[in-house]
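This report concerns only the one structure given below.
The values are calculated or read from the model by the stated rules, or taken from the named source; none is laboratory data. Since this is a predicted model, take the numbers as computed values, not measurements. Cβ placement follows ideal geometry from the backbone for every residue including glycine, while neighbour counts extend to all protein chains displayed. Note: accessible area is taken over every heavy atom of the protein model, side chains too, but ligands, DNA and RNA are not part of it. Shrake-Rupley method; radii C 1.70, N 1.55, O 1.52, S 1.80 Å.
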Number of protein chains: 2
Amino acid sequence: MRSTTLLLAAKRFASQGTSRVSGSSTNPAMRFPCLDKLEEITEHLKSQKPFCNESDVAGNAQKQNKDPIYGKVKSGFQVFESDRPLFLDYGGVLPSFRIAYETWGKLNNEKSNAILIHTGLSASSHAHSSDANKQPGWWEDFIGYNNPILDTSKWFLICTNVLGGCYGSTGPASSDPADGMPYASRFPMLSVQDIIRAQHRLISEHFGIDKLYASVGCSLGGMQSLCYGQQFPDNVQKIVSVSGCARSHPSSIAMRHVQRQVLMADPNWNRGFYYPTQEQPNRIPPHIGMKLAREIATVTYRSGPEWESRFGTERLDDESPPVLCPDFLVETYLDHQGEKFSLEYDANSFLYLSKTMDLFDLSQSHLARGERKRRETQRVYESNEPLVGRSFVSDRPRAMKRHRTTSTEEARADLARGMAPLLDKEILVVGVKSDGLMPYWQQREIYDLLGGDNNRKVKFTELAESDSLYGHDTFLLDLEHVGGSIGRFLREGS
Amino acid sequence: MRSTTLLLAAKRFASQGTSRVSGSSTNPAMRFPCLDKLEEITEHLKSQKPFCNESDVAGNAQKQNKDPIYGKVKSGFQVFESDRPLFLDYGGVLPSFRIAYETWGKLNNEKSNAILIHTGLSASSHAHSSDANKQPGWWEDFIGYNNPILDTSKWFLICTNVLGGCYGSTGPASSDPADGMPYASRFPMLSVQDIIRAQHRLISEHFGIDKLYASVGCSLGGMQSLCYGQQFPDNVQKIVSVSGCARSHPSSIAMRHVQRQVLMADPNWNRGFYYPTQEQPNRIPPHIGMKLAREIATVTYRSGPEWESRFGTERLDDESPPVLCPDFLVETYLDHQGEKFSLEYDANSFLYLSKTMDLFDLSQSHLARGERKRRETQRVYESNEPLVGRSFVSDRPRAMKRHRTTSTEEARADLARGMAPLLDKEILVVGVKSDGLMPYWQQREIYDLLGGDNNRKVKFTELAESDSLYGHDTFLLDLEHVGGSIGRFLREGS
């Protein structure tokens, strides 16, 4: 890599023109080590063999699965394969699909002790270490034998990689059976309800479980958890939603919108077609766009008070002149978080699932529209007509609309109707005061829509700022309050 | 532009490969009209003659000023030129500089009725329409003859384009006298204190005003307004700071950091050297990076409750399949805001002033360090040694530091010491509850640091959410509460 670095340095010097020759400028030119580094990563990726190919792949699950697997989770999970088509709420179809999953503990004879764990946007099925994958999982300390939160001596825990993800489940990096090429941006848009219907096949068809003891999830997983109860009210007993919501809020949509636009502006994203192919083996993933999108996401995942106490407004070095590359401690933190993630996750999975979160809505009208679209798609699909080019799935001219057309009251009544199937479920809703992405009042809204203080089956826990400064990410970190509430709720009456 | 569009469409089709041929994919490929549009703008800019050249420039002020002037504010202002060097807090120097300004009303014989208005980051000196420029200004309704807020029958109002900006004042797009080429990223970093010292020359040397009646500003202008009192306590009577702060907060730094990184990742930014030159006449400005940065900024300027009431979670068309280009109403709003700004403001001015805001700090230690650096620079400069290459202004290896090294208590005491010169000034501090960028508690902090309830000269006004849902941008919109408070404060005792 050294010669690449020197070459880049020479190119940079040349591109800056003669005006940069020392002595001919009043003040020194600024340096951009952060951009140098990105250019080095680009050059390095270009000089690699395609980063996702069969020789890369190890483990049993991968033998059935030739799609690229991102990050470090390349083995240690099982794969459920469904050969029946999955018709989708927005008019698309998956002719078949895979769900990657892991389990901990033992399913009892009555099949009554299963808990389904839903992940956040970018996590894999690896919630906890196992013999097949000894790496710590993303909820390592929340799970274990005799663990007071998720006790594997008692429960049978199942965690899946979300449909649309890139850790073994079918997603945009998977092959479209129509031509064997990656779906890329030909992947159909998913709703959270679609994701749940896919998961339900795993639970009912593969495991033969009629009724989950519980559905537990945080963030996107919190949405899924509520959605499981909405879609299959008879097939789940208890529901836990931490830092989720009943419907996305425009300010969360705004924050995810900018992440997507930044990622899509990376020329390497190439409208989704960045996977190396036989013809274009040197395509590289949009690592710069992913880094930037993750930095923005990180701003929404953590909280200002935490940063004040960790970083304040200190710079790496007060005596050096300020630079536009990371300089303040909080900037170096964001930079590090972005870089770490930039090659760990598939950009298209990120884009699709980010949009799926925006679209999340438990409203009745949303359900009805999805059902109608699924029936239409099924009819076309079963008559062997092509879906491509049909008006109901292609873009039609978009009306210009500048303001909402339904009132907040109508929208709320619609939401309450859609949530009716949840009214007699045992539900725990957990919110975090320092969470800016899924604020505590969105948790309070779920609680109120479910009857609030008038419904003894619904519990609401709110973490004050003194309990957690970790914002949206609290669910990954807080064993005492988040973990404690979940553990108590699951043990009750069991 | 039509042939360009067709060419682009053909190129896009080709780049997507054979897999996109209709019929060979299960679901239709997604379309990206937002990316098509960006490509069209790029092609259009490339086919234009350099966008900033002398023939572009009209008006008297411009005759003296051959630097590019951005956006619509190309004339109608005056220019103050200072030929004495300005030594800067971070070790740089401007051998000479210009300040663009406009005035309204008449300076009285005693020169006691002048009010200096400081702008936000991206505004020009055009706060109000005038004979020279009849376009409405950015504070049009706050200013006028017999206007209850800023009354031109009574006061002499001065508004400047901030140093570092691109509306007539010296900034990164200006020529470096050392070689006549644009400063670009050879421009020295500015502190808010530097900006104030430049403004003070205009006030004292050009206008001969010894004491301003008031210094008034919002956002960056609120920082400047306080800073004027800190730097020149004897030369200003009243101070108004709306949605400012005494020191930037790490969460604001984080939000501005991501804006800068996104902009710097645009290949057209070219490390700041995007201005067309004789050798490279076809350089174009980083319009995509600017659009994205402005979209992120807009998220911080407005508020969630406002978006909920304006847009809710409605999409342009619920029957069309969701797309990754703007789709929800809130997305089309952000997209529009970003695009509007993308060619209206100089990218380097945006980067430098955004960083200047991050660096804003009224602390004593910050002042002392700046004073020391300015003396060092002056000594070198006056001995005719080159500044370029000297260790105190170039990058030195940066220590790795992961956590703050001073406590919040020490930092606060430092801040209080730095603000001591403000203690006997008449000050109005205005905060807005729905402001997420400069939250009301940062306004409360200013008030408390100035003695709070024990200092009768300091006034604090806080706008509840019921008063304004407009977040940080409230200062541009709210005549009643923001305007009313300012008007009353200025009239008191006058």
May I ask you to list the residues in the stretch A:328-361 that are aliphatic (A, V, I, L, M) and closer than 18 Å to residue A:222 by Cα?
A:353, A:357, A:359
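For every residue, the table says whether it meets (1) in a loop (DSSP other than H, G, I, E, B); (2) out of contact with any Cys (no Cβ under 9 Å at 6 or more places or on another chain); (3) of a type outside the set (Asp, Glu); (4) more than 17 Å from residue B:236 (Cβ to Cβ).
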| site | (1), (2), (3), (4) |
| --- | --- |
| B:436 | yes, yes, yes, yes |
| B:444 | no, yes, yes, yes |
| B:468 | yes, yes, yes, yes |
| B:481 | no, yes, yes, yes |
| B:488 | no, yes, yes, yes |
| B:494 | yes, yes, yes, no |
Identify all residues within the stretch B:90-122 that are open to solvent by less than 10 Å² (accessible area, probe 1.4 Å), more than 30 Å from residue B:477 (Cα to Cα) and not small (Gly, Ala, Ser); write none if there are none.
B:93, B:94, B:97
Checklist (1) open to solvent by 60 Å² or more (accessible area, probe 1.4 Å); (2) in a strand (DSSP E or B) applied to residue B:461, failing item:
(1)
Cβ-Cβ distance below 8 Å, separation of 6 or more or different chains: which pairs start in the stretch A:434-449 with a residue that is within 16 Å of residue A:420 (Cβ to Cβ) and open to solvent by 10 Å² or more (accessible area, probe 1.4 Å) and end on one that is part of a helix (DSSP H, G or I) and not hydrophobic (A, V, I, L, M, F, W, C)?
A:449/A:412
Counting only residues that are in contact (Cβ under 8 Å) with a residue 40 or more places away in the chain and touching a helix residue (DSSP H, G or I) at 6+ places or on another chain (Cβ under 9 Å), which one in the stretch A:127-146 is nearest to residue A:238 (Cα to Cα)?
A:142
For the stretch B:458-494, what are the residues that are modelled with pLDDT of 90 or more and touching a Pro at 6+ places or on another chain (Cβ under 8 Å)?
B:483, B:484, B:487
Just to be sure before I move on: is residue A:369 touching a strand residue (DSSP E or B) at 6+ places or on another chain (Cβ under 7 Å) and within 10 Å of chain B (Cβ to nearest Cβ) in the structure I sent?
no
Residue A:223 assigned to a loop (DSSP other than H, G, I, E, B) and within 14 Å of another protein chain (Cβ to nearest Cβ):
no
Do we have residue B:362 as open to solvent by less than 50 Å² (accessible area, probe 1.4 Å), of a type in the set (A, V, I, L, M, F, W, C), within 25 Å of residue B:85 (Cα to Cα) and in contact with a strand residue (DSSP E or B) (Cβ under 7 Å, 6 or more places away or on another chain) here?
yes
Subset of the stretch B:145-164 [at positive phi and either of a type in the set (Ser, Thr, Tyr) or open to solvent by 10 Å² or more (accessible area, probe 1.4 Å) (or both)]:
B:146
Select from the stretch B:297-317 the residues that are among the polar types (S, T, N, Q) and open to solvent by 10 Å² or more (accessible area, probe 1.4 Å) and write down the one among them that is farthest from the other protein chains (Cβ to nearest Cβ).
B:300
Can you tell me which condition residue A:246 does not meet? The list is (1) under 29 Å from residue A:343 (Cα atoms); (2) within 14 Å of another protein chain (Cβ to nearest Cβ); (3) open to solvent by less than 20 Å² (accessible area, probe 1.4 Å), and all the others hold.
(1)
Here is a list of conditions, (1) touching a Leu at 6+ places or on another chain (Cβ under 6 Å); (2) over 22 Å from residue A:229 (Cα atoms), and residue A:148 meets all of them except one; can you say which number that is?
(1)
If a residue counts only when it is β-branched (Val, Ile, Thr), which helices (runs of 4 or more DSSP H) contained entirely in the stretch B:248-365 have at least 2 such residues?
B:250-264, B:287-301, B:329-341
With (1) open to solvent by 30 Å² or more (accessible area, probe 1.4 Å); (2) touching a strand residue (DSSP E or B) at 6+ places or on another chain (Cβ under 8 Å) as the list, and residue B:167 as the residue in question, which single condition is left unmet?
(1)
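Conditions tested, residue by residue: (1) open to solvent by less than 10 Å² (accessible area, probe 1.4 Å); (2) touching a Gly at 6+ places or on another chain (Cβ under 9 Å).
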position: A:181; (1), (2): no, yes
position: A:190; (1), (2): yes, yes
position: A:205; (1), (2): no, no
position: A:210; (1), (2): no, no
position: A:218; (1), (2): yes, yes
Filter the stretch A:287-296 for residues that are open to solvent by 10 Å² or more (accessible area, probe 1.4 Å) and at the interface with chain B (Cβ under 7 Å from one of its Cβ atoms); which is nearest to residue B:441 (Cα to Cα)?
A:292
What are the residues in the stretch B:192-203 that are more than 14 Å from chain A (Cβ to nearest Cβ) and either hydrophobic (A, V, I, L, M, F, W, C) or buried (at least 23 other Cβ atoms within 10 Å of the Cβ) (or both), if any?
B:195, B:196, B:198, B:199, B:202, B:203
Out of the stretch B:318-358, which residues are among the charged types (D, E, K, R) and either open to solvent by less than 10 Å² (accessible area, probe 1.4 Å) or touching a helix residue (DSSP H, G or I) at 6+ places or on another chain (Cβ under 6 Å) (or both)?
B:327, B:331, B:339, B:346, B:355, B:358
Scan the stretch B:253-286 for residues that are closer than 20 Å to residue A:293 by Cβ and either open to solvent by 30 Å² or more (accessible area, probe 1.4 Å) or touching a residue at least 12 places away in the same chain (Cβ under 8 Å) (or both) and report the count.
16
Just one listed residue, out of B:187, B:232, is under 29 Å from residue A:27 (Cβ atoms) and in contact (Cβ under 8 Å) with a residue 60 or more places away in the chain, and it is B:187
Criterion: at pLDDT 55 or above, under 27 Å from the mean Cα position of the chain (by Cα) and closer than 20 Å to residue A:286 by Cα - qualifying residue of A:50, A:95, A:85, A:68
A:68
